[in-house]
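Heads up: the structure comes next, in structure tokens.
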Amino acid sequence: MAFASVRAFVLSACFFVVLPVALAAQSVDKVRSDVLSALSTPLPITIVGPLLTRDVTVTEEGDGFRAVLGDTSLMGLFPLGDVSLHLTPLDDETYRVTELRFPERLDFPGMGVLEFAGMTLDGVWSSRSRSYSSLQWVTDDLRFRPGEGDRGQVSLGRLGFDVIKEPDGADTESRFEIAANAVAVTGMGPQNVALGEVRALLTANGEEPVDLYSVIREVLMSATMRNGGAQLQVLGQSLLGNRYGSVGLELSGRDLSAVDVRRPDESYFRAESVEVRAALSDVAPRNWGGAEVALRFAGLDQREAIPDVVMKVEEAMIRLSGGNLPVADMMAAAMTLANPPRGRPVAVSPLLDGLVGFGKLEIATEGRSVWVETYEQRFRDGQSTTEKAFETAFDRWGMSFGLAGFDRNAGEVHFATDLRGGRFVPGATIPDEALPHIAAWFPNVLQAQTRVSALNDGFLKRLFTDVEIRDLREPVELVLPLMLYVAATVPDVATGENTYETDLFRISQSGQYRFYPTEVLGLAPYEGDLRVRMSGMPGLLGYLDDTLTQVRPGSDEATAIGMAKSALIVLRNLAEDGGAGAHEWEVGRPDVTRREIEVNGITLRYPDFMQYMPMLFGMAAMRP
């Protein structure tokens, strides 16, 4: 106990010794000069700004100073009255800023009225960088009424800024967060908008200290200048000149709603939660190691006016990602394409170097429980009525499309679709005779996976080495090289378990083959093996028989149905037993130059389509 008392006495003595030293280092005139130098920026020491003031009065108060900004105005146009804050010196250049006192009602003539119930500020501010290294700024019950207060209202239960910059080993991570709750926009347009909570978080981690507060301050400053666009471009170039370990942006909200005040039951958008995430990793001036943007929402309920569509989604995600991105080259090529020079030749090969030098690009979406109601408008006896046409739903879905390997001269394209638990519920407007056809063909399950590889972009670049075009808006010079490239490219194609399933039948296919574009008129321009499996063949044949009885004999429709039935019967006779009433076919094509296909070991030959071309054209010429 004695040791603890001595320790407490020593700490207290140190505090009372250090505090006068810090105060002595900061004079009233020094504090006043630091405050004045901070008021001209868009985000000054008071956070609200830029501010103009008639005078700054600084007095000693407690452990620091009280600065009073007399007769202030925002940008010299909107009077605010007196504003004050308390500054506690931490060293020669750093203060702790607290106790911000601000008028709780601000009148902006011709613009509106701003009111709030309370405001708190607590942060560490540097007079040298005129920036906060840490900050918590909160405003409670904020309301803005435009015009004379009769044009609606924007209200926020709580609005806060949170800035944190803390060292982490050799790096410095910085955070800039804006959060608000109980957000509402009412009476200002055709829709009332509400948000239970909204949050934006920007983070950065780099080899050099990252000051996001100063970055945002400079962006706001540039945006208010006459040549703001040029200033923003310079700022962007300076930011890209640094190297960052990671940069991230998160936007999230919950209990979002936008309701048409004229038709609240017919036009609305509601979501339990919405989230946007953007992340960059290994960011260098010319290349980004990785990039990803993701949109996720849950509890979506949307309805549009006319045509009426009601959509409900339990959960969904959309993601765009990339890897090994030569950003500088890609941006230069894109800008050349967006602003093509006239009368000056442009070499094609450098454009391709910039556009196809990436490692990976992919877009994907997935989710569960999507349900859509579709309505249609009908006119009867001069009156308009809206009736439900049908409902469609899927328990789960997923889709993706991606490009990869182009930076290694081994281009690859892949895409996939996965729909499960499909349901179709007809409305009163769909006749009963159409229901069997819907049940026969509406997919309960739809899966497709395909990967195309061996796309040699290096060959494409060499092909365009000597090609120049004078106007990118009329690139006629590209036609012949592209045709040559397509003719010389033989991609490898691999398909997964592609499946199409309805209430009546199920068919699946997988395979691996090489595709020959030059043989496309030969009807089967590939070499390789396919495997096909089908269940429900008897039911499908019975469905075709029933359909034939419902169409006019001899009609084009009856002919097409008869041919489809004959083809199915031939395939059934060639099939092997796949068990559980399923039929299977092994389809091989060993030589693309021969007009032969092997089906379960039986060779089938088909005619050469090109042999009939002269005959077809000749017959067409002989017609009167």
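The values are calculated or read from the model by the stated rules, or taken from the named source; none is laboratory data. Note that this is a predicted model, so its numbers are computed, not measured. Cβ coordinates were reconstructed from backbone atoms using ideal geometry, including for glycine residues, and neighbour counts include every protein chain displayed. To get the accessible areas, we keep the full protein, side chains included, count just its heavy atoms, and leave off ligands, DNA and RNA. Shrake-Rupley method; radii C 1.70, N 1.55, O 1.52, S 1.80 Å.
Computed over the chain, relative contact order equals 5 percent, with contacts defined as Cα pairs under 8 Å that lie 6+ residues apart.
Return one whole number: the accessible area per residue of the chain in Å², for a 1.4 Å probe. Averaged over the residues of the chain, the accessible area is 55 Å². Mean projection of the Cα convex hull over all viewing directions, computed for the stretch 495-623: 10.5 nm².
For the pair MET335 and ASP71 in one chain, pulling the backbone fully straight at 0.36 nm per residue adds 90.2 nm over the alpha carbon distance.
The modelled label-to-label distance between PHE108 and LYS30, using points 7 Å beyond Cα along the C-beta direction, is 3.8 nm. Relative to the longest principal Cα axis of the chain, at what angle does helix 613-622 sit, 0 to 90 degrees, rounded to 10? For helix 613-622, the angle is close to 80 degrees.
Basic side chains Lys and Arg get +1 at the Cβ, acidic Asp and Glu get -1 at the Cβ, and with that the dipole of the chain about its Cα centre reaches some 920 debye.
Restricting the stretch 431-478 to trypsin sites (Lys or Arg not before Pro) that sit in a DSSP loop and have at most 11 other Cβ atoms within 10 Å of their own Cβ leaves ARG473.
Entry note: the stretch 480-566 has Rg to Rh equal to 1.15, where both radii use alpha-carbon atoms and Rh is the Kirkwood radius. Using the alpha-carbon positions of the stretch 248-412, Rg (one decimal) and Dmax (whole number) come out as 22.4, 68 Å. Semi-axes of the equivalent ellipsoid of the stretch 342-488 are 47, 23, 14 Å, computed as sqrt(5λ) over the eigenvalues of the C-alpha gyration tensor in descending order.
When +1 charges are put on Lys and Arg Cβ atoms and -1 charges on Asp and Glu Cβ atoms, the dipole computed for the stretch 248-412 relative to its Cα centre reaches about 600 debye.
You can think of it this way: the chain between ILE430 and ARG262 has 57.4 nm of extra reach, that is 0.36 nm per residue less the Cα-Cα gap. For the stretch 280-313, the list of trypsin sites (Lys or Arg not before Pro) that fall in a loop by DSSP and count at most 14 other C-beta atoms within 10 angstrom reads ARG286. Against the chain, whose longest principal axis comes from its Cα atoms, helix 2-25 is set at around 90 degrees. Extension gain, THR365 to LEU90, is 93.9 nm, computed as 0.36 nm per intervening residue step minus the present C-alpha separation.
Here r is the Cβ-Cβ distance between ARG594 and LEU574 and R0 is 25 Å; the resulting FRET efficiency, rounded to 0.05, is 0.85.
Rounded if a/c is under 1.5, else prolate if a/b beats b/c, else oblate: with a ≥ b ≥ c from the C-alpha gyration tensor eigenvalues square-rooted, which is the stretch 410-511? In terms of gyration-tensor shape, prolate. Between PHE390, SER129, LEU435, the Cα set farthest toward the positive side of the dipole of the chain (charges on each charged residue's Cβ, about the Cα centre) is that of SER129.
Each Lys and Arg contributes +1 and each Asp and Glu -1, all at the Cβ; summed about the Cα centre of the stretch 262-346, the dipole is approximately 520 debye.
Ignoring any ligand, DNA or RNA, what whole percent of the accessible area of the chain comes from carbon and sulfur when the probe is 1.4 angstrom? Answer for the chain: carbon and sulfur cover 58 percent of the accessible area. For the chain, the share of alpha carbon pairs falling in successive 20 Å distance bins from zero is 12, 32, 32, 16, 6, 0, 0 percent.
In the chain, the DSSP-assigned H stretches of four residues or longer account for a calculated mean residue ellipticity at 222 nm of -7000 deg cm²/dmol, using -39500 (n - 2.57) per stretch and the full residue count as denominator. At q = 0.09 Å⁻¹ the log10 of I(q)/I(0) for the stretch 77-207 amounts to -0.36, computed by Debye summation with a single uniform scatterer per C-alpha, solvent ignored. The angle between the Cα long axis of helix 327-338 and the longest principal axis of the Cα atoms of the chain comes to about 70 degrees, rounded to the nearest 10.
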